[in-house]
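S.K.: Have a look at this one.
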Amino acid sequence: MLRVPTTTAGVDQAAERLLDAADTGTPCAPVRDLIGPDDVAAAYAVQRRLTARRTAAGARTVGRKIGLTNPTVQAQLGVASPDFGVLFDDMPVEHDGTVAAGRLLQPRIEAEVAFVLGADLDGPDLTDADVRAAVDHQRAALEIVDSRIAGWDITFGDTVADNGSSGLYVLGPEQVGLDRTNPVDVTMTLRRGEETVSSGAGEACLGHPLAALAWLARTARDLGEPLRAGEVVLSGALGPMVPVTPGDAYSAHITGLGDVAVTFAKETP
């Protein structure tokens, strides 16, 4: 079980540094000098502090996102498990919609399977069967990740503290039951215009996207913040993330789940 520590000066200072970066639109230095590069409890303490500030200001939690589901990325950051962040009600972008110029600091994009829950996941055991049964449907999704930390110079602690490097997300229009498509069997192609810029498969997400969901469900429950019916869970990238080019359109096709697309407005001179 993850245990969040009591407030420390480092946690306070890290939260303020990230808040200032978000408020001013100017990326900041990493926060690992304040909380360490791999202190899981301290990193989530910062994330919880930022979540509390956002909800106090009127934001509403609508789900979670899972990151670091690829073993190669885990090895690069020296961790053995995924991480997660919180999705808020101002993060969804409509399918085929446009992201305004300047809304994000350093956006990158990746395609993944999103699960929409039809039941709470708060039981004491939470078997794999429980997790599967709680899924109402799955959808193709684009996650538009972002970092408040300059140059994406991140360790595990930095990205967790920064709400899992979250930004925005887009859900495709098709709602597909698990009885129709097994998410581990899907393949993904992400395009910038007509150019393929990323590809992957369901097994790239922790071996199975439902395994990622099960990890999150148990972790969130142990933290006292279980997943609830109606929430969206972005289960993790199916292929490499790609830097966003302003003015370009991105679309992903995930077999069995359909298409999802978004455009980024050109930056003004």
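S.K.: Within segment 33-60, how many residues are buried (at least 21 other Cβ atoms within 10 Å of the Cβ) and among the basic types (Lys, Arg)?
M.R.: So the answer is 0.
S.K.: Do we have LEU190 as surrounded by fewer than 16 Cβ atoms within 10 Å (Cβ to Cβ) and more than 22 Å from ASP90 (Cα to Cα) here?
M.R.: Against the criterion (surrounded by fewer than 16 Cβ atoms within 10 Å (Cβ to Cβ) and more than 22 Å from ASP90 (Cα to Cα)), LEU190 does not qualify.
S.K.: Now for a different question. Looking only at segment 111-122, filter to residues that are surrounded by 14 or more Cβ atoms within 10 Å (Cβ to Cβ) and in contact with a helix residue (DSSP H, G or I) (Cβ under 8 Å, 6 or more places away or on another chain); which one of those is nearest to THR189 (Cα to Cα)?
M.R.: Step one: filter segment 111-122 for residues surrounded by 14 or more Cβ atoms within 10 Å (Cβ to Cβ), giving 111-117, 119-122.
If we keep only those that are in contact with a helix residue (DSSP H, G or I) (Cβ under 8 Å, 6 or more places away or on another chain) as well, we get 112-113, 115, 117, 119-122.
Details: GLU112: 10, VAL113: 12, PHE115: 19, LEU117: 25, ALA119: 30, ASP120: 32, LEU121: 31, ASP122: 34 Å.
The residue in question is GLU112.
S.K.: Residues of segment 21-37 being closer than 17 Å to PRO107 by Cα and not in a loop (DSSP other than H, G, I, E, B), which ones?
M.R.: The answer is ALA21, ALA22, ASP23, THR24, CYS28.
S.K.: Please work out if ALA265 is among the small types (Gly, Ala, Ser), more than 24 Å from THR61 (Cα to Cα) and in contact (Cβ under 8 Å) with a residue 60 or more places away in the chain.
M.R.: Details: among the small types (Gly, Ala, Ser): yes; more than 24 Å from THR61 (Cα to Cα): yes; in contact (Cβ under 8 Å) with a residue 60 or more places away in the chain: yes.
The answer is yes for ALA265.
S.K.: Is it true that ALA42 is closer than 30 Å to VAL184 by Cα and outside any strand (DSSP E or B)?
M.R.: It is false that ALA42 is closer than 30 Å to VAL184 by Cα and outside any strand (DSSP E or B).
S.K.: Output the residues belonging to segment 165-185 that are buried (at least 24 other Cβ atoms within 10 Å of the Cβ) and more than 22 Å from PRO246 (Cβ to Cβ).
M.R.: GLY172, PRO183
S.K.: Further question on the same structure: Only residues in segment 67-92 that are part of a loop (DSSP other than H, G, I, E, B) and surrounded by fewer than 16 Cβ atoms within 10 Å (Cβ to Cβ) count as the first member; pair them with residues that are among the charged types (D, E, K, R) and at pLDDT 80 or above, Cβ under 7 angstrom, at least 6 apart or cross-chain, and list the lot.
M.R.: Close Cβ pairs satisfying both conditions: GLY78/ASP38; ASP89/ARG60.
S.K.: Say we look at segment 221-235 and pick out the residues that are surrounded by fewer than 21 Cβ atoms within 10 Å (Cβ to Cβ) and among the aliphatic types (A, V, I, L, M); which of these is nearest to GLU112 (Cα to Cα)?
M.R.: VAL232
The values are calculated or read from the model by the stated rules, or taken from the named source; none is laboratory data. Model, not experiment: these values are computed from the prediction. Cβ sites come from the backbone with ideal geometry, for glycine too, and all protein chains shown count toward neighbours.
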